[in-house]
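Input: a single structure, listed below in structure tokens.
The values are calculated or read from the model by the stated rules, or taken from the named source; none is laboratory data. Nothing here was measured: the structure is a model prediction, and the numbers come from that model. Just the protein is used for accessible areas: all its heavy atoms, side chains included, with ligands, DNA and RNA removed. Shrake-Rupley method; radii C 1.70, N 1.55, O 1.52, S 1.80 Å.
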Amino acid sequence: GQAISLTGSSLVQFALVWWMTRTTGSATILATATLIAMLPRILLAPFAWALVDRWNRKAVMIVADSLIALATLVLMLLFALGRESIWAVYIILLVRAAGGAFHSPAESASVSLMVPKAHLARIAGLNQTLEGVLSIVSPPLGALLISFLPMQGVMAIDVGTAIIAVTILAFISIPQPPRQLAQANG
């Protein structure tokens with residue numbers, strides 16, 4: 001389910017970059033969008049990892065996927081209504097990146113709890129391979145989709161894949177590690 005959602009998100013990221021390129025032709029706007037899409041992950045990562053260790057990982061993934069899908073849905077509606085703007089894309093990129101800053105550590109920590117130690121390296125390798133394949137496949141697939149669908153149609157794919165991921169997550173048990181209480185020296 002998470003792989004399906006990641007695919008939809010990758011397509012939307014490419015579609016938004018392509019839309020900004022076609023709309024503005026400005027390298028500054030693209031650089032700003034890239035910074036906005038990366039900054040929350042950089043700034044929130046240390047806190048996100050610490051918080052995910054304390055929170056229910058399944059809930060974090062469901063909330064993050066849902067928030068990302070909701071933000072994408074808002075942008076999808078703006079495109080459908082002809083009210084899209086660079087600033088709206090910036091805001092949505094910021095929200096999507098913030099959701100991703102919490103989703104990634106929750107997913108990584110969950111995999112390590114769900115997979116037997118003997119298979120952990122293989123599954124980690126498969127996850128890395130999936131991310132690499134998506135980074136190669138998403139741009140041409142996104143370009144193909146943009147040529148057949150309006151922007152809101154491409155974004156609807158991301159919302160749909162997020163719904164699939166959240167639905168699957170709702171039925172999967174993700175173990176929580178036992179809480180360790182700090183012991184006072186003394």
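Per residue, the range 41-163 exposes 54 Å² of solvent-accessible protein surface, assessed with a 1.4 angstrom probe and all protein chains in place.
With axes computed from alpha carbons, what is the tilt in degrees of helix 57-80 against the longest principal axis of the chain, rounded to the nearest 10 within 0 to 90? Compared with the principal axis, the helix lies near 10 degrees.
Taking the convex hull of the alpha carbon atoms in the chain, what volume per residue do you get, in Å³? With only Cα atoms used, the chain gives 132 Å³ per residue.
Counting only helical runs of four or more DSSP H residues, what would the 222 nm mean residue ellipticity of the chain come to if each run contributes -39,500 (n - 2.57) and the total is spread over all its residues?
Numbers: 6 runs with 156 residues, N = 186.
Rounded to the nearest 500, the figure is -30000 deg cm²/dmol.
The angle between the Cα long axis of helix 117-148 and the longest principal axis of the Cα atoms of the chain comes to about 10 degrees, rounded to the nearest 10.
Compared with the direct C-alpha span, the chain from Val137 to Ile86 gains 15.8 nm at full extension, assuming 0.36 nm per residue.
The GNM of the chain, with springs linking C-alpha atoms under 10 angstrom apart, assigns the highest mean-square fluctuation among Ala165, Ala33, Ala50 to Ala50.
Using only Cα atoms, tell me the angle between helix 2-24 and the longest principal axis of the chain; keep it within 0 to 90° and round to the nearest 10. Roughly 30 degrees between the two axes.
How much of the accessible area of the range 1-149, in percent, comes from carbon and sulfur atoms when a 1.4 Å probe is used?
Values: 5880 of 8090 Å².
The computed percentage sits at 73.
Measuring with a 1.4 angstrom probe and ignoring ligands and nucleic acids, Met38 comes out at about 100 Å² accessible.
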